[in-house]
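> Shown below is the structure under consideration.
The values are calculated or read from the model by the stated rules, or taken from the named source; none is laboratory data. Just so we're clear, the structure is a prediction, and the values are computed from it rather than from any experiment. Here the Cβ positions follow ideal geometry from the backbone for every residue, glycine too, while neighbour counts run over all protein chains shown.
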Amino acid sequence: MKFTQVTGHDDTFLVDVTPPHRLHPDVAAAFGRLQQRARQAGFDLQPASCFRSFDRQLAIWNAKASGTRPVLNEQGQALAREQHSDWEWVQAILRWSALPGASRHHWGSDLDVYDAAAVAAGYAVQLTPEEVDPGGPFAPLHAWLDQQIARNDCEGFFRPYAIDKGGIAPERWHLSYAPLAAECERSLQAEALLQLLRQCDTLALAPVIEAHWQEIYQRFITPAVAACNQEVGR
């Protein structure tokens with residue numbers, strides 16, 4: 001994969017899944033097979049979010065940096081911007097949202113999913129722990145996915161954010177297609193990413209990001225890389 005593709009600057013390699021959602025052709029085919037199997041198990045597996053461009057991720061980042069888009073704590077409650085230093089605020093954002101250029105959603109290999117059969121038509125998917133934890137509407141789907149992943153029989157998909165390692169929060173709704181993700185991760189080097197962010201003159205909190213770059217890269221980017229490498233090696 002080219003650097004422009006893994007950083008969300010090129011979407012010409014994608015195909016439609018369920019408009020407006022798009023994925024890499026190999027991932028779209030694998031997801032279609034997983035959808036069929038889920039349907040047979042009684043679920044309507046659907047994408048909530050697939051490819052996301054650099055500009056879209058930048059808009060999300062800047063809105064959270066400014067406080068115009070909620071930044072949540074572990075309990076799903078909105079944090080108050082004025083009660084946190086700039087570095088604390090960057091870490092709070094990174095807990096749930098990637099930096100532009102560093103999102104796995106740039107690759108066409110990753111997507112957030114839900115069970116459309118478990119909620120009424122028009123339900124606004126929130127992608128929160130409450131939806132996927134026991135008692136939540138999507139818990140049965142994710143229990144079924146857990147079984148497929150544990151058997152290494154999930155059409156190549158795994159959960160890159162299954163375990164809390166002190167960086168990105170666990171996201172059970174986030175699936176990644178290991179064969180393509182591993183290829184993308186080899187193109188995602190720390191110095192190249194930092195150079196890309198330096199060239200973005202509209203990135204909010206840029207001085208703080210650069211000052212703490214090594215910690216950001218190690219805590220919020222490389223743990224998912226290690227998870228993918230382990231998955232591919234199974």
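> Which number in (1) of a type in the set (Lys, Arg); (2) surrounded by fewer than 22 Cβ atoms within 10 Å (Cβ to Cβ); (3) under 17 Å from the mean Cα position of the chain (by Cα) marks the one condition that Arg172 misses?
Unmet for Arg172, out of (1) of a type in the set (Lys, Arg); (2) surrounded by fewer than 22 Cβ atoms within 10 Å (Cβ to Cβ); (3) under 17 Å from the mean Cα position of the chain (by Cα): (2).
> Out of (1) surrounded by fewer than 21 Cβ atoms within 10 Å (Cβ to Cβ); (2) closer than 30 Å to Gln195 by Cα, what's the single condition that is false for Gly101?
Result: Gly101 passes all but (1).
> Can you tell me which residues in segment 1-24 are polar (S, T, N, Q) and in a loop (DSSP other than H, G, I, E, B)? Write out each step before concluding.
Initially, segment 1-24 is screened for residues polar (S, T, N, Q), giving 4-5, 7, 12, 18.
Those that are polar (S, T, N, Q) and in a loop (DSSP other than H, G, I, E, B): Thr7, Thr12, Thr18.
> Moving to a separate point now. How many residues are touching a Lys or Arg at 6+ places or on another chain (Cβ under 7 Å) and either small (Gly, Ala, Ser) or surrounded by fewer than 17 Cβ atoms within 10 Å (Cβ to Cβ) (or both) when one looks only at segment 83-97? Give the derivation first.
Applying the first criterion (touching a Lys or Arg at 6+ places or on another chain (Cβ under 7 Å)) to segment 83-97 yields 89, 93, 97.
Now narrow it down to the ones that are either small (Gly, Ala, Ser) or surrounded by fewer than 17 Cβ atoms within 10 Å (Cβ to Cβ) (or both): 97.
Residues in segment 83-97 being touching a Lys or Arg at 6+ places or on another chain (Cβ under 7 Å) and either small (Gly, Ala, Ser) or surrounded by fewer than 17 Cβ atoms within 10 Å (Cβ to Cβ) (or both): 1 in total.
> Also: Please go through segment 193-212 and give me each residue that is of a type in the set (Val, Ile, Thr) and closer than 13 Å to Trp89 by Cβ, ordered by number.
Those that are of a type in the set (Val, Ile, Thr) and closer than 13 Å to Trp89 by Cβ: Val208, Ile209.
> Can you name the residue in segment 113-162 that is of a type in the set (A, V, I, L, M) and crowded, with 21+ Cβ neighbours inside 10 Å and, of all such residues, is farthest from Ala78 (Cα to Cα)? Lay out the reasoning, then the answer.
Applying the first criterion (of a type in the set (A, V, I, L, M)) to segment 113-162 yields 113, 116-121, 124-125, 127, 132, 139, 141, 143, 145, 149-150, 162.
Okay, now just the ones that are also crowded, with 21+ Cβ neighbours inside 10 Å, so 113, 132, 141, 145.
Details: Val113: 23, Val132: 19, Leu141: 27, Leu145: 30 Å.
Filtering segment 113-162 for residues that are of a type in the set (A, V, I, L, M) and crowded, with 21+ Cβ neighbours inside 10 Å, the one farthest from Ala78 (Cα to Cα) comes out as Leu145.
> Specify which of the listed residues (Ala65, Ala102, Ala28) is small (Gly, Ala, Ser) and assigned to a loop (DSSP other than H, G, I, E, B).
Numbers: Ala65 fails: assigned to a loop (DSSP other than H, G, I, E, B); Ala28 fails: assigned to a loop (DSSP other than H, G, I, E, B).
Sole residue among the options that is small (Gly, Ala, Ser) and assigned to a loop (DSSP other than H, G, I, E, B): Ala102.
> Condition (residue is at pLDDT below 95, out of contact with any Leu (no Cβ under 6 Å at 6 or more places or on another chain) and either under 23 Å from Gln77 (Cα atoms) or of a type in the set (Lys, Arg) (or both)) applied to segment 172-188: is it met by at least one residue?
yes
> Could you please find all residues in segment 132-151 being farther than 16 Å from Asp44 by Cβ, part of a helix (DSSP H, G or I) and of a type in the set (Gly, Ala, Ser)?
Selection gives Ala150 alone.
> Where the second residue is acidic (Asp, Glu) and modelled with pLDDT under 95 and the first is farther than 15 Å from Leu99 by Cβ and lies in segment 179-200, which pairs have Cβ atoms under 9 Å and are six or more apart or on separate chains?
Ala181/Glu231; Ala182/Glu231
> Among the residues of segment 29-45, is there at least one that is acidic (Asp, Glu) and either over 19 Å from the mean Cα position of the chain (by Cα) or more than 25 Å from Phe138 (Cβ to Cβ) (or both)? Show your work before the answer.
Restricting attention to segment 29-45, the residues satisfying the condition of being acidic (Asp, Glu) are 44.
Remaining after also requiring either over 19 Å from the mean Cα position of the chain (by Cα) or more than 25 Å from Phe138 (Cβ to Cβ) (or both): 44.
Yes, the conditions are met somewhere in segment 29-45.
Residue-wise test of (1) surrounded by 14 or more Cβ atoms within 10 Å (Cβ to Cβ); (2) in contact with a strand residue (DSSP E or B) (Cβ under 6 Å, 6 or more places away or on another chain); (3) outside any helix (DSSP H, G or I).
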| position | (1), (2), (3) |
| --- | --- |
| Ser176 | yes, yes, yes |
| Glu191 | no, no, no |
| Leu194 | yes, no, no |
| Thr202 | no, no, yes |
| Glu215 | no, no, no |
| Arg219 | yes, no, no |
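> Output the residues belonging to segment 178-188 that are of a type in the set (A, V, I, L, M, F, W, C) and crowded, with 18+ Cβ neighbours inside 10 Å.
Pass one, segment 178-188, residues of a type in the set (A, V, I, L, M, F, W, C): 178, 180-182, 184, 188.
Correct list: Ala178, Leu180, Ala181, Cys184, Leu188.
> Test Ser53 against the stated conditions and say whether it is of a type in the set (Ser, Thr, Tyr), within 13 Å of the chain's Cα centre (by Cα) and over 17 Å from His174 (Cβ atoms). Please lay out each step first, then the result.
Numbers: of a type in the set (Ser, Thr, Tyr): yes; within 13 Å of the chain's Cα centre (by Cα): yes; over 17 Å from His174 (Cβ atoms): yes.
In short, yes.
> Could you list, in sequence order, all residues of segment 50-91 that are under 20 Å from Leu193 (Cα atoms), without any contact (Cβ under 8 Å) to a residue 24 or more places away in the chain and of a type in the set (A, V, I, L, M)?
First pass over segment 50-91, keeping only residues under 20 Å from Leu193 (Cα atoms): 51-62, 65, 87, 90-91.
Next cut, without any contact (Cβ under 8 Å) to a residue 24 or more places away in the chain only: 59, 91.
Ala59, the sole residue that qualifies.
> While we're here: Go through (1) within 26 Å of Glu185 (Cα to Cα); (2) assigned to a helix (DSSP H, G or I); (3) not acidic (Asp, Glu) for Cys154 and report which single condition fails.
Every listed condition holds for Cys154 apart from (2).
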